[in-house]
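Report on the structure given below.
The values are calculated or read from the model by the stated rules, or taken from the named source; none is laboratory data. In this text, all values refer to a predicted model and were calculated from it rather than measured experimentally. Every residue, glycine as well, gets a Cβ built from its backbone with ideal geometry; the counts of neighbours run over all protein chains shown. In case anyone asks, the SASA skips ligands and DNA or RNA and just uses the protein heavy atoms, side chains included. Shrake-Rupley method; radii C 1.70, N 1.55, O 1.52, S 1.80 Å.
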Amino acid sequence: MGPPPVGPAGAAGPPPPIRPAAGWYALPITMGVLAVLVFFGAFALLWNESEVADGAPSEGPESGVSLRLEEGYGYFVYVRDGASEPDSCEVVSGERRIPVRLTTEHSWVASEVDSYAYAATFTAPVTGQAQVACRGADGWIRVAPDDASLLYLGLSFFVSLGLMIIALAALPVIMLRRSAARRRAAAVTGPPYGY
């Protein structure tokens with residue numbers, strides 16, 4: 001058959017490499033998978049907390065605010081603007097009076113409430129309708145579910161959305177650059193032998 005035809009002068013030699021390499025497709029695929037995992041993982045971990053966070057707040061005298069509690073979940077205690085923070089609080093469920101430990105957990109995410117100021121966070125010791133009674137708060141208090149989980153869910157949504165946008169933008173860029181590199185390689189080496 002003979003040797004292959006020789007291309008134009010200076011065209012001999014190996015074709016230029018196709019860049020970016022095919023391995024770059026792993027980047028948008030990985031980012032897409034990560035976006036899905038972050039989104040659904042956050043919902044799986046925080047769904048119950050977000051359901052509790054949607055519960056209604058309740059206001060009343062410091063001697064007893066009635067609301068539905070979910071054991072193991074956090075609740076914020078607010079006091080009237082200018083009032084002192086409670087010295088202690090307890091949950092009254094039926095005949096039981098259960099003291100709760102007051103902390104400042106998730107205080108940074110406590111909602112702004114008209115005429116109230118965040119005072120403390122506690123973890124509910126029971127599930128069901130109960131009363132929260134505090135001492136030293138000088139008047140009415142407001143008790144609301146800790147809604148930090150709603151913020152975390154919102155953040156996970158935006159992180160997932162950002163990852164997905166980057167993945168969807170990177171995929172066509174990689175495809176276009178590889179296609180252009182193939183055309184350049186074909187122009188340098190000419191058509192395949194025999195065509």
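Here are the numbers:
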| read-out | value |
| --- | --- |
| Sites R135 and T30 - FRET efficiency at Förster radius 41 Å, r taken between beta-carbons, to 0.05 | 0.15 |
| FRET E, pair L37, E105, Förster distance 30 Å, beta-carbon r, rounded to 0.05 | 0.65 |
| Solvent-accessible area per residue, Å², over the chain with all protein chains present [probe radius 1.4 Å] | 61 Å² |
| Rg/Rh (Cα only; Kirkwood hydrodynamic radius) as it applies to segment 14-144 | 1.34 |
| I18 paired with D81, simple spin-label distance in nm, labels 7 Å along Cα-to-beta-carbon | 6.8 nm |
| Heavy-atom SASA rank of W108, W47 (probe 1.4 Å, accessible area, largest first) | W108, W47 |
| Carbon/sulfur fraction of accessible area - the chain, other protein chains in place, 1.4 Å, % | 63 percent |
| Efficiency of FRET from Cβ geometry, S63 and S115, R₀ 22 Å, rounded to 0.05 | 0.70 |
